[in-house]
Structures are given as C-alpha cells and as structure tokens.
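I am attaching a structure below and will ask some questions about it afterwards.
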Amino acid sequence: MSKLVAISLDKILEQYFPASSHHFVRPFFDNNPFNFTVTTHRQSKKGDFRTSRNLINGATITVNGTLHQYEFLLVFLHELAHYFVAKEKPANVKPHGKEWKMCYKKLVEDALEQVKLPSDIVEAWRQHLKNIKSSSSTDPHLVAVFKKYDTRTSDKVMVGELQVGDIFLFRNLQFRVDSFARTRAKCTLLANNKQFLIGKTALVLKA
C-alpha cells in the first residue's frame, strides 16, 4: 500500500478526490508501493513525480492540495502515468513521450468510463485527450472548465480571452496586452514598461 504523509488514505480520498472516484482511485494506492504527498500551493507546478533506482521504495507522487477535486484527480492520473512508465520502462524514456501519453490516455479513458463526472468536465477531458499536453495549465479546454469549479479562479479570465490594449493583474502586477502569438501574448509591465511573454492560458484579473 502507498505510504501517505500526515493523514490517512480515507481522509485523503474524502478531502481531495471526487466522491464518485473513490472506488476507481483506491486500488492504485492499495496495489502500488509509491509514496503520496499532498503539498501546499506551488506556483510552478500542480503535481510531481520523483523516483530513484529503487522504484519500490523511492517513488513519490505529489499533488497540490489547493486544487479543486476534479483537477486534483486529473493531476493525480498525470503523475500516476509517470509512475507506471517508470515501473515498466525505467530507462531512456522521455518524461512526456509516447509511452507516457499512451499510459495517461488509458488512465483518463478508464476514469471517464468508471467515474461519474459533470458533463462539462467530461467534454473538456475528451478534448484534452485529442491533443495531450505536458501540463494541464497549457490546455485551454481544461483551464476554462476547471476555473468554473475553483473559487480562487472563477472570477479570472485567460490572457487569450483579452483584447489588445486590455489591462490586467497577474501575480499582483499590472500588465497591458500588446499583441498575440500562437500560444503567448506580448505584454508590457506598466510599472517599468518592460515587455514579457505570458502564456495565453494564464489566468488573470481584468482591470
């Protein structure tokens, strides 16, 4: 059984995962010897997988505890796919290569079949599987639907939804949108007129 940090498996399932997913998620913990940690908010990542040569005792999955339940589940499956790939093919595998994508897709498809989820979550996950990205934060389908369920982000918009000239607040700094490229926006920091590239899926407060 996986080793849990600070709180029991039952408590983790109850507090962080959708209730409808417990029967689906629990066997992964019961049957695989990875360590599992719920972390505080990390701005740079939502989850993480780390391992060592001794996979049995050295594999650790972490997920941010500030995520709402549907995003927490998807991030867990993302990191779980890393675990299974490392278990089967520990060497010479790209972190988000074809092996990981195949494993992750299978896990998400299984979740869609076995877990009762809101229809908009189901549709966003299906769209996500058509073009799997290495991070859910760069998938506009996921960002748009997840922010509806997260009280911390429900009042925010994606940078890509703004217009050229719009002013917005990002990480407590004011920016202006100058132009758009395929995946990023060129923006000016109003405090010093320096220019920055910000991802179009970044969530911001429109001024």
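The values are calculated or read from the model by the stated rules, or taken from the named source; none is laboratory data. The shown structure was predicted, so the numbers you read here are calculated from the model rather than taken from an experiment. All Cβ positions, even for glycine, are placed from backbone atoms using ideal geometry, and neighbour counts span all protein chains on display.
Please pick out the residue among 117, 112 that is outside any helix (DSSP H, G or I) and surrounded by 13 or more Cβ atoms within 10 Å (Cβ to Cβ).
117
Separate question: Collect the residues in the stretch 161-192 that are assigned to a strand (DSSP E or B), over 18 Å from residue 140 (Cβ atoms) and among the small types (Gly, Ala, Ser), keeping them in residue-number order.
Scanning the stretch 161-192 gives a single hit, 179.
Regarding the stretch 193-200, can at least one residue be identified that is buried (at least 17 other Cβ atoms within 10 Å of the Cβ), touching a residue at least 40 places away in the same chain (Cβ under 8 Å), part of a loop (DSSP other than H, G, I, E, B) and under 25 Å from the mean Cα position of the chain (by Cα)?
Yes, some residue in the stretch 193-200 is buried (at least 17 other Cβ atoms within 10 Å of the Cβ), touching a residue at least 40 places away in the same chain (Cβ under 8 Å), part of a loop (DSSP other than H, G, I, E, B) and under 25 Å from the mean Cα position of the chain (by Cα).
For the subset of the stretch 132-170 comprising residues that are at pLDDT 90 or above and loosely packed, with under 13 Cβ neighbours inside 10 Å, which member is nearest to the chain's Cα centre (by Cα)?
163
Condition test on residue 125, is it under 22 Å from residue 27 (Cβ atoms), in the same structural domain as residue 74 (by TED's automatic domain parsing) and in contact (Cβ under 8 Å) with a residue 24 or more places away in the chain?
Criteria met by residue 125.
Okay, moving on. Taking interchain pairs and intrachain pairs at least six residues apart, which have beta carbon atoms under 7 angstrom, with the first residue in the stretch 131-154 and within 17 Å of residue 44 (Cβ to Cβ) and the second of a type in the set (Asp, Glu) and part of a loop (DSSP other than H, G, I, E, B)?
Here the result reads 133/139, each pair linking the stretch 131-154 to a residue that is of a type in the set (Asp, Glu) and part of a loop (DSSP other than H, G, I, E, B).
Does residue 38 fit the bill of being touching a Phe, Trp or Tyr at 6+ places or on another chain (Cβ under 6 Å), of a type outside the set (Asp, Glu) and not assigned by TED's automatic domain parsing to the domain that holds residue 171?
Criteria not met by residue 38.
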